[in-house]
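As structure tokens, the structure follows; a few thoughts come after it.
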2 protein chains.
Amino acid sequence: VPAGDDPPPSRLTARALGELGLIAGIRRRWGAAGPGVALGIGDDAAVVAPAGQSVLLTTDTLVEDVHFRRATTGFADLGAKALAVNVSDIAAMGGEPRWALLALVLPGDTAAADVEAFLDGVGEEARRDGVAVVGGDTCASPDRIVVTVTLVGTVLGAPLTRAGARPGDAILVTGTLGASAAGLATLDAPDLPAPPDAVAAVRRAHWRPTPRGAEGRAIRAAGVATAMIDLSDGLAKDLGHVAAESGVGATVELGALPVDRATTAVARAAGADPLIWAVGGGEDYELLFTAPAPEADRLAARVTAATGTPVTRIGRIEPAGAGVRYRDAAGRPRTLPPGFQHFVS
Amino acid sequence: VPAGDDPPPSRLTARALGELGLIAGIRRRWGAAGPGVALGIGDDAAVVAPAGQSVLLTTDTLVEDVHFRRATTGFADLGAKALAVNVSDIAAMGGEPRWALLALVLPGDTAAADVEAFLDGVGEEARRDGVAVVGGDTCASPDRIVVTVTLVGTVLGAPLTRAGARPGDAILVTGTLGASAAGLATLDAPDLPAPPDAVAAVRRAHWRPTPRGAEGRAIRAAGVATAMIDLSDGLAKDLGHVAAESGVGATVELGALPVDRATTAVARAAGADPLIWAVGGGEDYELLFTAPAPEADRLAARVTAATGTPVTRIGRIEPAGAGVRYRDAAGRPRTLPPGFQHFVS
């Protein structure tokens with residue numbers, strides 16, 4: 001773009017902004033230091049002070065045409081989700097999300113307004129979760145958008161891992177399951193004859209997952225939970241992780257799975273089984289946790305009282321070797337497909 | 001791949017390994033906890049203990065066809081470089097690199113042997129720098145490889161930033177400049193009539209940069225340096241960052257720039273000016289730092305004595321408003337192109 005010949009704002013692109021323009025914009029937003037930030041954006045590395053706490057580290061990448069499609073994803077939602085999926089990982093340790101790094105790979109023809117919307121989305125989610133964006137990297141992409149967020153959290157004392165579940169423990173989940181998969185199904189089949197409010201609700205669940213930070217901290221603080229994980233790849237796969245790390249098996253009561261009304265309505269319109277979405281769909285970003293059976297109901301009530309989020313008991317931990325099994329409402333065993341796995345077509 | 005019909009190792013791909021197979025391989029390498037690692041790969045987040053030190057955070061992404069081409073980059077070199085460029089950022093603060101997260105976006109048809117070589121390269125560099133790989137993310141790519149490494153470092157006391165340079169300070173650099181750009185030039189023009197040992201040397205500089213960790217810590221430990229940055233985007237752009245952050249200008253004596261024999265030989269064969277590579281080429285991953293002029297020579301000698309790496313005085317910091325200027329060996333002003341900037345074609 002020659003000097004004195006600026007394109008109208010609506011046509012301004014990442015290429016026209018340039019890397020320095022893009023970084024300057026990011027710095028204007030997040031350059032001021034937040035709590036515990038000694039040095040934010042603008043140097044070789046950010047400097048933070050965890051003040052004696054343990055430091056939690058997690059990173060997640062969203063790739064265009066793998067995790068999202070540009071035609072059906074708003075940039076603000078994409079920004080919020082890129083951070084939210086990482087907040088969910090810190091939540092699953094019972095930690096406090098604190099400082100984020102944003103590595104942004106963008107095609108040069110991305111509209112500057114879309115970049116702004118993306119950063120707005122990141123900022124909105126960051127405010128909601130108490131996170132400071134302290135650094136990152138930006139570079140040009142030949143075609144697809146790739147967003148990698150790294151999130152640093154803190155925790156005082158031992159975090160809650162995937163490894164502590166014991167046979168006899170109850171399995172519990174926050175919120176409801178399957179709504180994100182239902183949302184994706186409505187995007188794949190836009191003419192689905194489902195009630196518009198149900199479609200809007202499940203799409204929102206897909207586009208703007210709500211990480212369960214307060215719930216994760218309440219679960220850990222109660223002191224009785226034995227293991228925790230966030231449901232990003234689906235109940236089947238993520239419960240499988242808990243089973244593998246804890247050296248146990250699990251039984252899930254399908255009749256107990258919490259599925260909301262919008263998901264049920266969309267499933268009916270699609271001729272789909274909402275339980276398949278609840279077990280294998282993924283991207284719900286709810287927390288799954290385990291606790292000794294006698295403590296489970298009290299723990300659930302305590303978490304709901306502290307956060308307003310429903311908690312449901314969905315099964316029990318079994319001895320090693322049992323694998324993850326499902327039973328229908330009549331107590332009969334049922335086989336279900338595994339959750340999403342990358343590189344498997 | 002059906003069971004009992006494994007492809008020969010040479011044809012095994014990321015898709016055949018699957019996400020879980022890939023993660024299992026990564027975990028076999030780096031699953032054991034290192035110093036300060038309370039919990040490594042395999043949970044929602046890694047847990048590390050910085051033990052009262054400040055925490056440095058940096059992230060860098062390498063994108064296929066932007067930062068490297070598959071035809072001219074070995075997978076082991078790519079892995080080593082993905083970590084090395086981050087170690088360089090921690091070095092530029094005077095910190096200790098400690099814990100790394102590896103976010104790997106890979107096409108499904110990437111050969112498993114190439115994935116192994118990549119991880120070998122990461123591991124080799126990690127051992128060299130004393131870094132533990134504690135987590136990450138893997139996902140399928142529709143086509144291009146994208147690697148994002150996030151590195152966490154520690155520093156006791158205040159790190160050395162870009163912001164402290166004062167008018168009159170000397171400007172110094174470690175090692176030599178322009179070799180990486182010379183290496184890239186030999187890849188772009190494979191038939192260049194340059195001596196084979198010179199070609200091999202500059203390609204090695206391009207493929208396997210050596211981050212200056214020990215040098216960065218020695219520079220900071222001496223207590224007299226006023227600012228520091230690593231040279232990733234080229235002297236012109238990176239010195240520009242120091243000038244902007246410190247609110248100063250700078251004069252660079254082109255005749256003083258350290259350029260090695262191999263780079264000079266390749267430049268002669270290419271009919272190129274090695275100073276252009278030294279100033280604008282980027283990816284040298286040397287350190288540029290500033291110190292009060294009376295202390296500069298002693299500081300340089302001290303760093304060389306501690307690390308074996310030559311240090312060269314290349315100019316001085318000027319008052320604000322002067323910008324970054326260049327003078328040739330005869331003292332005449334000279335204009336040079338700026339360094340690499342993303343999104344500018």
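The values are calculated or read from the model by the stated rules, or taken from the named source; none is laboratory data. Small disclaimer: the values here were computed from a predicted structure and weren't measured. Don't worry about glycine lacking a Cβ; one is built from the backbone with ideal geometry, like all the others, and counts go over all protein chains shown. With ligands, DNA and RNA removed, areas are computed over all heavy atoms of the protein, side chains included. Shrake-Rupley method; radii C 1.70, N 1.55, O 1.52, S 1.80 Å.
What list of whole percents do you get for P(r) of segment B:249-342, with Cα-Cα distances grouped in 10 Å bins up to the one holding the largest distance?
Per 10 Å bin, starting at 0, the Cα pair percentages come out as 13, 42, 36, 9.
Need one number: convex hull volume per residue for segment A:12-132, Cα atoms only, in Å³. Walk me through the numbers on the way to the answer.
Values: hull volume 13.0 nm³, N = 121.
Output value, Cα hull per residue: 108 Å³.
Could you tell me the largest-minus-smallest coordinate of the C-alpha atoms of chain A on each of the three principal axes, in descending order and whole angstroms?
So the three principal-axis extents are 73, 54, 36 Å.
In 5 Å bins starting at zero, report the fraction of Cα pairs in segment A:154-216 per bin as a rounded %.
Binned Cα distances yield the sequence 4, 13, 18, 15, 13, 12, 10, 8, 5, 2, 0.
B:Ala24 label points, 7 Å along Cα→Cβ, one per copy: pairwise distances from this copy to the rest in nm, shortest first?
Reported distances to equivalent positions: 5.2 nm.
Could you tell me which of B:Ala329, B:Leu156, B:Ala296 has its Cα farthest along the dipole of the protein assembly as shown towards the positive end, charges placed at Cβ (Lys, Arg +1; Asp, Glu -1), taken about the Cα centre?
Highest projection toward the positive end goes to B:Leu156.
Need one number: % antiparallel among DSSP beta bridges in the protein assembly as shown, to the nearest 5. Please list the in-between numbers first.
Numbers: 88 of 116 bridges.
Around 75 percent of the beta bridges assigned by DSSP in the protein assembly as shown are antiparallel ones.
If I compute solvent accessible area with a 1.4 Å probe over the protein chains, what percent of it on chain B is carbon and sulfur?
Values: 6940 of 13130 Å².
Accessible surface attributable to carbon and sulfur in chain B totals 53 percent.
Would you mind listing the distances between the B:Asp65 label point and the same position in each other copy? Use 7 Å along Cα-to-C-beta, nm, one decimal, shortest first.
0.9
Report, ordered by chain and residue number, the lysines lying within cross-link reach of A:Lys81, taken as a straight Cα distance under 28 Å and ignoring same-chain residues fewer than 8 apart.
A:Lys237
If I take the Cα coordinates of segment A:223-284 and project them onto the principal axes, what are the three extents in Å, biggest first?
Principal axes ranked by extent give 40, 22, 20 Å for the Cα atoms.
Rank A:Ile26, A:Pro50, A:Thr309 by how far each Cα sits towards the positive end of the charge dipole of chain A (+1 on Lys, Arg Cβ; -1 on Asp, Glu Cβ) and give me just the farthest.
Looking along the dipole axis, the top candidate is A:Thr309.
Please state, as a whole number in µm²/s, the translational diffusion coefficient that the Stokes-Einstein equation yields for segment A:51-96 at 37 °C and 0.692 mPa s, with Rh defined as the Kirkwood radius across alpha carbon pairs.
Calculated translational D: 270 µm²/s.
Rank these by accessible area, largest first, 1.4 Å probe: B:Asp197, A:Asp77. Could you put the intermediate results ahead of the total?
On the way: B:Asp197 115, A:Asp77 30 Å².
So, going from the largest accessible area down, we get B:Asp197, A:Asp77.
Size of the dipole of segment B:125-275 about the Cα centre, Lys and Arg at +1 and Asp and Glu at -1 on the beta carbon, nothing else charged, in debye to 20?
Values: 14 positive and 16 negative charges, 75 e Å.
Roughly 360 debye for segment B:125-275.
Quick one: plug the Kirkwood hydrodynamic radius of segment A:177-278 (C-alpha pairs) into Stokes-Einstein at 4 °C, 1.567 mPa s, and report D in µm²/s. Before the final figure, lay out the partial values.
Numbers: Rh = 15.0 Å.
Roughly 86 µm²/s, to the nearest whole number.
Can you list the distances in nanometres, one decimal and ascending, from the A:Ala322 label point to the identical position in each other copy, with the point 7 Å along Cα to Cβ?
The answer, with the shortest distance listed first, is 7.6 nm.
Please work out the C-alpha center-to-center distance from segment B:145-212 to segment B:306-332 and express it in whole Å.
Cα centroid of segment B:145-212 versus Cα centroid of segment B:306-332: 17 Å apart.
Hey, what number do you get for chain B at 222 nm if only DSSP H runs of n ≥ 4 count, each worth -39500 (n - 2.57), divided across all residues, to the nearest 500?
Estimated from H runs of four or more residues: -11500 deg cm²/dmol.
Given the options B:Ala117, B:Ala250, B:Ala80, which has the most mean-square fluctuation in a GNM of chain B, springs set between C-alpha atoms less than 10 angstrom apart?
So, out of B:Ala117, B:Ala250, B:Ala80, the one fluctuating most is B:Ala117.
Would you mind getting me the FRET efficiency between A:Asp191 and A:Ala329? Use the beta-carbon distance for r and R0 = 41 Å, nearest 0.05. Walk me through the numbers on the way to the answer.
Values: r = 32 Å, r/R0 = 0.78.
Working from the Cβ atoms, E equals 0.80.
Under a point-charge model restricted to the Cβ atoms of Lys and Arg (+1) and Asp and Glu (-1), what is the dipole moment magnitude of the protein assembly as shown relative to its Cα centre, in debye to the nearest 20? Display every interim value, and only then the final one.
On the way: 62 positive and 78 negative charges, 216 e Å.
Approximately 1040 debye in magnitude.
Looking at segment A:114-164 from every direction and averaging, what is the projected area of its Cα convex hull in nm²?
Working: hull surface 23.4 nm².
Mean projected area of the Cα convex hull: 5.8 nm².
For chain A, build the charge dipole from Cβ charges (+1 Lys, Arg; -1 Asp, Glu) around the Cα centre, then report which of A:His241, A:Leu184, A:Leu78 sits farthest towards its positive end.
A:His241
How big is the Rg/Rh ratio for segment A:96-249, C-alpha atoms only, Rh by Kirkwood, two decimals? If you can, show how the numbers build up before the last one.
Details: Rg = 18.8 Å, Rh = 18.5 Å.
Here the Rg-to-Rh quotient is 1.02.
Select from segment A:101-134 all residues whose loss of accessible area on going from the chain by itself to the full protein assembly reaches 50 Å² or more (probe 1.4 Å).
By number: A:Leu101.
Quickly work out the B:Arg69-to-A:Arg27 label distance, labels modelled 7 Å from Cα along the C-beta direction, and quote it in nm with one decimal.
3.3 nm
Mind grabbing the base-10 log of I(q)/I(0) for the protein assembly as shown at q = 0.09 Å⁻¹? Debye formula, identical points on the C-alpha positions, no solvent, two decimal places.
The Debye formula, applied to the Cα set alone, gives -0.78.
Local charge sum around B:Ala221 (other residues, Cβ-Cβ under 15 Å, Lys/Arg +1, Asp/Glu -1)?
Numbers: positive: B:Arg212, B:Arg217, B:Arg220, B:Arg298, B:Arg302; negative: B:Glu96, B:Glu215, B:Glu295.
Once all neighbours under 15 Å are counted, the net charge is +2.
With a 1.4 Å probe, what is the total accessible area buried between chains B and A, in Å² rounded to the nearest 100?
On the way: alone 15770 and 15780 Å², together 26280 Å².
Counting both chains, the buried surface is close to 5300 Å².
How much accessible area per residue does chain A have, counting only protein heavy atoms and a probe of 1.4 Å, in square angstrom? Before the final figure, lay out each step's value.
Values: 13150 Å² over 345 residues.
It amounts to 38 Å² per residue over chain A.
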